[in-house]
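Worksheet: the structure to be examined is printed underneath.
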Amino acid sequence: MDGAEVAKHNTSKSCYIVLRGNVYDVTSYLEEHPGGAAILLTNAGQDATAEFSKIHSPDVLEFLPEGSNLGPVDTATLAALTPAPRVSAAIDALVQEGEVPHLATCVDTHDFERAARLTMPAPTWSYVSSFANGGHSMQGNLDSWNTITFRPRVLRDITKVSTETSILGQASSLPFYISPMGLLGRSHEHAELALVRGLVRSGAHAVISTVSTRPMEDIATTLRDCVVQEAGGPLPQLHFQLYTRPEQEPTLNYIRRAKAAGYKSLWVTVDTPLLGKRTIDRRHMAQAALAIGSEQQASNLSLGIQSFTTQAQNGALKWEDLKWIKEAWGGPLVLKGIQTAEDAKLAVDCGCEGILLSNHGGRQLHSAPSALSTLVEIRLHCPEVFDKLQVFVDGGLRDGADVLKALCLGAKAVGVGRPFSYALSAYGTAGVERCVDILAEELRTAMALVGITSLDQVHPDLVNASRLLNEAWRPWGNQTIKSRL
Ligand code: HEM
Ligand SMILES: Cc1cc2nc3c(=O)[nH]c(=O)nc-3n(C[C@H](O)[C@H](O)[C@H](O)COP(=O)(O)O)c2cc1C
């Protein structure tokens, strides 16, 4: 197709976009695009490849209705298309002007958040920092860590402290890992590739999101190519987070690809049957729609009204589905987003190798329990779970010392999300490395001050979790947890 012809289709009545050399008619997809119609219309009649690649892997093109691909654009006439604006220009300018503090001055994880605030364009900031409803779940996550205090033991030889452990059978230098976060291309131009390069020196693990900007194969290969075998100590490892799709075949395809690419375990996200109310994001999308004159779209987006036909979320996923997922995967399976003792027990019954207690960083259910309160609930009502599978927690962890609290209560490792997105955005790979270093140093110091030198010495008596215990869930009347299953 001629470039000049593409340029004519630049309205909501007929919207063409060039992506990776092909022309796509996205008119019928406008209302269904989870990123809002406005962002597509801003790129209407143009070559949006550069902007698209910053956010999406080519995988998402599967979401377009059949027949959307109108074929290749005539490259000789591409010049007739206006290039889409570069959102990362603002970042580059700020970094060059030196407004971002020197990396060496980043002392705790909050420093990355402050630096990212300066560098992230407003829609990216809103996407990463966003929370459900009024932010109660996210604030609860942040606050929960401070409800626990340590019970330090003194006069022990702590001259050699080791943070080594194993995660789902894979040696790990650290008992924390980077949580899966989608669309990291919004934070950094090299997206997940820059993130995983930041694991190499420390040997930390990361869980990679289904909705990553870069294809899962490229992410795995990048890490493999950077790893220096003779470095000593455990190697960094990648695990794969799975968002199932409403149809079985595309889900199986993700699983087959993750297996072939060498991911070590599969983390099925179970707390996102639909997208929670991302308040700040909705305001942004509504503003973007108003900016292109669409009041109706703005009104719908701010109420969360969107077609569910092509949404990435799968509202129909059930416990029974874990059987075929487990069979297809054939390796360690973790359920990401367990929030009650009952579901922890069901995960054991389904033969899962792990559960991640998480409320998705406070981005899904309003007033969801923090991971620590679910951890305490499991300890109280079904402690046998800890012997049957590995328990992970995430949400609101900002200090490496707090990792130790979760471990003392029975967790195997803790996931950390936003701080790494902020570090990546402000400082790229060096920021990710620094963020790992900061958390690791805080953890080592806490271990020494609590009086232990290795993670097999962690014990519930090293913490006082009475506040969480006082607030722990109790079954109504004389019910027991068994009677509720
Ligand atoms: C035309 C083909 C496109 C398809 C099929 C598509 C599909 C999707 C899907 C499925 C999501 C949900 C997250 C995910 O599964 O990755 C999403 C989110 C998003 N998309 Fe697209 N997209 C397209 C083009 C674009 C373009 C050209 C841009 C920007 C220039 C864009 C910007 C975004 C943004 C910013 C989000 C995140 C929304 C949020 O959660 O804040 N998309 N898109
Ligand atoms: C920007 C962003 C994107 C996320 N994307 C995903 C995702 O694609 N899949 C998923 O299972 N969880 C996702 N999460 C949730 C994280 O995996 C994790 O549960 C949460 O971020 C932990 O809370 P924290 O950010 O306070 O550390 C995302 C979180 C953020 C902040």
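For the residue pairs LYS264/LYS345; LYS259/LYS412; LYS336/LYS388, the alpha carbons lie more than 18 Å apart in LYS264/LYS345; LYS259/LYS412. Over every Cα atom in segment 370-474, the radius of gyration and the widest Cα-Cα span, Dmax, amount to 14.9, 46 Å.
Amide H to amide H, with H built 1.01 Å from N, ILE208 comes under 5 Å of HIS239, PHE240, GLN241, counting only residues 5 or more places away or on other chains.
Legend: Rg and Dmax of the chain, from Cα coordinates, 23.2, 78 Å.
Length available on full extension from ASN464 to LEU380: 0.36 nm per residue minus the Cα-Cα distance, which gives 28.8 nm. Here r is the Cβ-Cβ distance between THR11 and ASN69 and R0 is 35 Å; the resulting FRET efficiency, rounded to 0.05, is 0.95.
For the set GLU66, GLU189, GLU295, the ranking by accessible area, highest first and with no ligand, DNA or RNA atoms included, is GLU66, GLU295, GLU189 under a 1.4 Å probe. Given segment 3-91 reduced to its alpha-carbon atoms as identical point scatterers, what log10 I(q)/I(0) does the Debye formula return at q = 0.13, 0.26 Å⁻¹? After summing over all Cα pairs, the log10 values are -0.37, -1.54. Other residues whose C-beta falls under 11 angstrom from the C-beta of PRO58 contribute a net charge of -1, scoring Lys and Arg +1 and Asp and Glu -1.
In whole percent, how big is the carbon plus sulfur part of the accessible area of the chain, probe 1.4 Å, protein atoms only? Carbon with sulfur: 54 percent of the solvent-accessible area. Shape annotation for segment 13-55: C-alpha extents along the principal axes are 22, 19, 13 Å, from largest to smallest.
Note: relative contact order over segment 3-91, using C-alpha pairs below 8 Å and six or more positions apart, is 39 percent.
TYR127 contributes about 40 Å² of solvent-accessible surface, heavy atoms of the protein only, 1.4 Å probe. The alpha-carbon atoms of segment 116-157, seen along their principal axes, cover 51, 25, 10 angstrom, with the largest extent given first. Phi angles of segment 416-433 translate, via the Karplus equation with coefficients 6.51, -1.76, 1.60 and θ = phi - 60°, into HN-Hα couplings of 10, x, 3, x, 6, 5, 5, 5, 5, 5, 7, 9, x, 4, 4, x, 5, 4 Hz per residue; Gly and Pro are given as x.
From most to least packed by mean Cβ count within 10 Å, the peptides 263-276, 440-453, 101-114, 175-188 give 175-188, 263-276, 440-453, 101-114.
For VAL227 and ARG474, the FRET efficiency from 1/(1 + (r/R0)^6), where r spans their Cβ atoms and R0 equals 41 Å, is about 0.30. The string of couplings for segment 329-335 from the Karplus curve (6.51, -1.76, 1.60, θ = phi - 60°) is 7, x, x, x, 10, 10, 9 Hz, one whole number per residue in order, with x for Gly and Pro.
Taking all protein chains as shown and a probe of 1.4 angstrom, ASP59 keeps an accessible surface of around 40 Å².
The residues of segment 6-59 expose, per residue, 38 Å² of accessible area to a 1.4 Å probe.
Projected onto planes of every orientation and averaged, the convex hull of the alpha-carbon atoms in segment 307-407 covers 7.9 nm². Computed 3J(HN,Hα) for segment 123-130, one whole-Hz value per residue from the Karplus formula 6.51 cos²θ - 1.76 cosθ + 1.60 where θ = phi - 60°, is x, 5, 4, 5, 4, 6, 7, 4, glycine and proline marked x. Counting Lys and Arg as +1 and Asp and Glu as -1 over every other residue whose Cβ lies under 13 Å from the Cβ of GLY35, the net charge comes to 0. Dividing the helix sum by the residues of the chain, where each DSSP H run of 4 or more adds -39500 (n - 2.57), gives a mean residue ellipticity at 222 nm of -11500 deg cm²/dmol.
Solvent exposure of segment 108-223, expressed per residue, is 40 Å² of accessible area, with all protein chains present and a 1.4 angstrom probe. The stretch between ALA104 and ALA122, if pulled fully straight at 0.36 nm per residue, gains 3.9 nm over its current Cα-Cα span.
The values are calculated or read from the model by the stated rules, or taken from the named source; none is laboratory data. None of the values given here were measured: they were computed from a predicted structure. Cβ atoms come from the backbone with ideal geometry, glycine included; neighbour counts cover every protein chain shown. Side chains included, ligands, DNA and RNA excluded: accessible areas come from the protein's heavy atoms. Shrake-Rupley method; radii C 1.70, N 1.55, O 1.52, S 1.80 Å.
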